[in-house]
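Report on one structure; see the data block that follows.
The values are calculated or read from the model by the stated rules, or taken from the named source; none is laboratory data. Note that the coordinates shown come from a computational prediction; the quantities given were computed from them, not determined experimentally. Neighbour counts are summed over all protein chains in view; Cβ atoms, including those assigned to glycine, are modelled from backbone coordinates with ideal geometry. When the accessible area is computed, the model is the full protein with side chains, heavy atoms only, and any ligands, DNA or RNA have been set aside. Shrake-Rupley method; radii C 1.70, N 1.55, O 1.52, S 1.80 Å.
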Amino acid sequence: MKRIKNLVIGGIESKVVTLVLISILLVTAVFIASMLTQNSMLTSLTQETSERQLSAMTSTTTAVIDTVIVQNMDRMTDLEARMTDFLFQTVAVRVQMVGDYAAKLLSDPDSAPRVPWQRPDAAHDGELFVKALFADGLDEAAVDDKLRVIANMSDLMVSLSNAFGTDNIWFTLPEGATLMADTVPSNWINEDGSFVTYDACSRYWYKQAVEAGKLVFSDVEYDQRTGELCVTCALPVYDDGGTLLGVAGADVFLNDMKQALEESVEKGGWLSVVNQSGHLIITTSAHGSFRVMSSDEAIDFRNFEYEDVAKLVQDAMQGKTDVRRVRFEDDVYYAIGVPIETVGWTLMAAYKEADAEQPVRQLEEDYQGIQREAVTAYRSKSSLGKTLTWSILGVLLAAMLYGALLMSKRIVKPLNTITRRISELSETNMEFKMEDAYRTGDEVEELAQSFANISHKTLEYLDTVKRVTAEKERIGTELSLATQIQAAMLPHIVPAFPERKDFDVIGSMDPAKEVGGDFYDYFLIDDDHLGVLIADVSGKGVPAALFMMASKIILQSVAMLGGTPAEILTKTNQAICSSNEAEMFVTVWIGILELSTGKLTCSNAGHEYPVFKRPGGQFELYKDRHGFVIGGMDAASYRGYEIQMEPGAKLFVYTDGVPEATNADQELFGTNRMIDALNTAPDAAPIDILKNVRKAVDSFVLNAEQFDDLTMLCLEYKGPQNQKGAI
């Protein structure tokens, strides 16, 4: 940067001035270009007035025809095709939902409740009523159970019909029984009170759906129930083996579809729907040649006597057509065809050519008058505009130059002061403070205030870091001591009872944090009874560790007083619940082994299933009956059970940290992998059993973080000490 008097070349001040000058030059160029363009336009406007008028009229006429015929018809047919397609989609959705529900019920009928079904009842006319209909000669008892299964769909049928504003839907079994919802059940009752037979399996829609093997829309037929022309949507339903379970269906009456189309037909036009066979399904045309008939009488419009119409139908079945002129009877129409995607049908729209002609002469006269007025006004004001333009440019140039110099000074001066103050900061003066020179009321003031805030917060942060570091060191020392205390409370001498040769027991606990909530214990209640337990406290860290210590002391104290494992859990639960303000709980598995007989009495308070190995066998999961967790409810009671352990039998118990160990892909180690790890060397000593499981967990988890305490205990019963051949 170079300083020339009060202007710094290359600094912000000079950049602001440069920017303003460039802006002025651009504005000047725009004004000059605009003025020159206006003069050029005036000259060409005078010479080409007549040509432009003619071109404008031609364009206007073309635009009218394009808007009225092409755009309007294209929009109308697209909209109607989508509306008609939506009508069929909603029918297909209803039928699909009934079919899916029927497949679920009939594929596993044993799991479905049996619901009573009803025959037609005239008392329910005018409301949606679900009844059963039977083919002539069909024994009702033969299909009674199936009807009771699919009768679970009754509420669904009524809800679907109400939701979509329709009055019929049904499901037909291959045996000939039909479960139908409609609003006129009296139609199915004869004058003598007997019920009308209905062989749905012989109906056209049933056969067409089974033959196609998928959802279909039938041709136009007469409805047996009402006698009206309709189209039927039918869906065959199969089980996983491909066996036909039945056919779901619903009718779409042509009168309803026609009314929907008539509401959007414009004067002079008509809409028609043709199916994939070329048969007319719906039409709003009054022409005698356009008449809707049943499939056995209908005309194939692909071979219609009027070739233009036949060609339109053929092309529309291949895709959307352009707007074209077609001759029909004594009139010429603009016509277009659009596919209806859901059913593969075609919507045709036609608009009479004579109705498309619009008068444009008045528009031409108005346009000529506007052009004359525009030329006169432009000439009269062009001269004044030039004078004003140059005057404005001169004033604008002077004002912008003055403003640029003034603003650059105001911006740069406080910035220079900020830069100087920051450079003066040192180890003895580390805080940047606000000054009046920075209070400019704009971004410069905000920048200075931000520097001041950051400087102050940095000093506070440094002080906080010092205090937090000291506190963390103190907490770390205390947690290290807590870890040592917790480890010392758990049995850790190996072997645990070196003088006893009738059993071997060992446990391990690796906390997820410095201290954990899991614990295990084994102790001799007397010379002939060994107590073994493992537990998992809810939560993690210091609170769980404190609750663990209290729970362990209470459990061991109650166990030493005698009693069965179930009684020990009951008394422990009462003791913990009496003062459990933290509302924590602990899961516990406890067993008492009678060493002289090998009888193991156990009880489980919401803990993981134990794993047993019989002599010469493999480790297997033992799914015992769980009681409620300890500390959860003071009135809880617990049940015990017994396992006979032969010499050589082993017991493995664990906390949920083992099967729920998670790798980097969020996969769980799982119980199956744990059993496989136990059975890699099932006859190994208990200490090696624990090592094998831990090795398998570490290989699975790898570098993933440990989220839960990992605790295990293994007990081997070797037989009574006085048994012959005992070790």
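Scanning segment 158-177 for residues that are assigned to a helix (DSSP H, G or I), within 25 Å of residue 207 (Cα to Cα) and more than 27 Å from the chain's Cα centre (by Cα) yields one hit, 161. Summed over segment 588-635, residues that are part of a loop (DSSP other than H, G, I, E, B) and among the polar types (S, T, N, Q) total 3.
Yes or no, residue by residue, for (1) of a type in the set (Lys, Arg); (2) under 30 Å from residue 347 (Cβ atoms); (3) in contact with a helix residue (DSSP H, G or I) (Cβ under 6 Å, 6 or more places away or on another chain):
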residue: 94; (1), (2), (3): yes, yes, yes
residue: 99; (1), (2), (3): no, yes, no
residue: 108; (1), (2), (3): no, no, no
residue: 125; (1), (2), (3): no, no, yes
residue: 136; (1), (2), (3): no, no, no
residue: 139; (1), (2), (3): no, no, no
residue: 146; (1), (2), (3): yes, no, no
residue: 149; (1), (2), (3): no, no, yes
residue: 158; (1), (2), (3): no, no, no
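One residue stands out among those in segment 680-699 that are farther than 24 Å from residue 503 by Cα, out of contact with any strand residue (DSSP E or B) (no Cβ under 9 Å at 6 or more places or on another chain) and not hydroxyl-bearing (Ser, Thr, Tyr): the one that is most open to solvent (accessible area, probe 1.4 Å), which is 695.
Which pairs have Cβ atoms under 9 Å, sit 6 or more apart or on different chains, and link a residue in segment 180-195 that is on the phi < 0 side of the Ramachandran plot to one that is of a type in the set (Ser, Thr, Tyr) and part of a strand (DSSP E or B)? Once the first residue is on the phi < 0 side of the Ramachandran plot and sits in segment 180-195, its partners that are of a type in the set (Ser, Thr, Tyr) and part of a strand (DSSP E or B) give 180/172.
Across segment 606-632, which residue is least open to solvent (accessible area, probe 1.4 Å) among those that are more than 19 Å from residue 563 (Cβ to Cβ) and among the aromatic types (Phe, Trp, Tyr)? Taking the candidates together, the pick is 619.
Residues are listed down the side, and each one gets a yes or a no for (1) in contact with a strand residue (DSSP E or B) (Cβ under 7 Å, 6 or more places away or on another chain); (2) closer than 20 Å to residue 604 by Cβ; (3) assigned to a loop (DSSP other than H, G, I, E, B); (4) at pLDDT below 85:
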site: 494; (1), (2), (3), (4): yes, no, yes, yes
site: 501; (1), (2), (3), (4): no, no, yes, no
site: 504; (1), (2), (3), (4): yes, no, no, no
site: 542; (1), (2), (3), (4): no, no, no, yes
site: 546; (1), (2), (3), (4): no, no, no, yes
site: 556; (1), (2), (3), (4): yes, yes, no, no
site: 566; (1), (2), (3), (4): yes, yes, no, no
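Among the residues of segment 664-674, the one identified as open to solvent by 80 Å² or more (accessible area, probe 1.4 Å) and on the phi > 0 side of the Ramachandran plot is 666.
Among the residues of segment 678-691, is any over 17 Å from residue 617 (Cβ atoms) and in contact with a helix residue (DSSP H, G or I) (Cβ under 7 Å, 6 or more places away or on another chain)? No. Applying the condition of being hydroxyl-bearing (Ser, Thr, Tyr) and over 20 Å from residue 461 (Cβ atoms) to segment 415-448 and asking which residue is least open to solvent (accessible area, probe 1.4 Å) yields 438. Among the residues of segment 220-237, those identified as open to solvent by less than 30 Å² (accessible area, probe 1.4 Å), in contact with a helix residue (DSSP H, G or I) (Cβ under 9 Å, 6 or more places away or on another chain) and either small (Gly, Ala, Ser) or in a loop (DSSP other than H, G, I, E, B) (or both) are 220, 225, 234. Only one entry of 649, 635, 661, 677 meets the criterion of being surrounded by fewer than 17 Cβ atoms within 10 Å (Cβ to Cβ) and either touching a strand residue (DSSP E or B) at 6+ places or on another chain (Cβ under 9 Å) or of a type in the set (A, V, I, L, M, F, W, C) (or both), and that entry is 635.
In segment 401-409, is there at least one residue being modelled with pLDDT of 70 or more, surrounded by 12 or more Cβ atoms within 10 Å (Cβ to Cβ) and either closer than 30 Å to residue 36 by Cβ or in contact with a helix residue (DSSP H, G or I) (Cβ under 7 Å, 6 or more places away or on another chain) (or both)? Yes, some residue in segment 401-409 is modelled with pLDDT of 70 or more, surrounded by 12 or more Cβ atoms within 10 Å (Cβ to Cβ) and either closer than 30 Å to residue 36 by Cβ or in contact with a helix residue (DSSP H, G or I) (Cβ under 7 Å, 6 or more places away or on another chain) (or both). Restricting the first member to segment 309-325 and to residues that are in contact (Cβ under 8 Å) with a residue 12 or more places away in the chain and closer than 11 Å to residue 348 by Cα, and the second to residues that are β-branched (Val, Ile, Thr) and open to solvent by 20 Å² or more (accessible area, probe 1.4 Å), the beta-carbon pairs closer than 6 Å and six or more apart or on different chains are 323/70. Criterion first (of a type in the set (Val, Ile, Thr), at pLDDT below 75, open to solvent by less than 80 Å² (accessible area, probe 1.4 Å) and in a helix (DSSP H, G or I)) does residue 389 satisfy it? For residue 389, the condition - of a type in the set (Val, Ile, Thr), at pLDDT below 75, open to solvent by less than 80 Å² (accessible area, probe 1.4 Å) and in a helix (DSSP H, G or I) - is met. Test residue 452 against the stated conditions and say whether it is modelled with pLDDT under 70, in a helix (DSSP H, G or I) and farther than 30 Å from residue 21 by Cβ. Here the answer is no, as residue 452 does not meet what is asked. Only residues that are in contact (Cβ under 8 Å) with a residue 12 or more places away in the chain and open to solvent by 30 Å² or more (accessible area, probe 1.4 Å) were counted across segment 548-561, and they come to 5. Scanning segment 196-216 for residues being touching a Ser or Thr at 6+ places or on another chain (Cβ under 7 Å), outside any loop (DSSP other than H, G, I, E, B) and buried (at least 20 other Cβ atoms within 10 Å of the Cβ) gives a total of 3. Kindly indicate whether residue 504 is closer than 21 Å to residue 694 by Cα and open to solvent by 10 Å² or more (accessible area, probe 1.4 Å). So residue 504 passes the test. Picking from 446, 373, 435, 365, which residue would you name as being of a type in the set (Asp, Glu) and at pLDDT below 70? Going through 446, 373, 435, 365 in turn, just one is of a type in the set (Asp, Glu) and at pLDDT below 70: 365.
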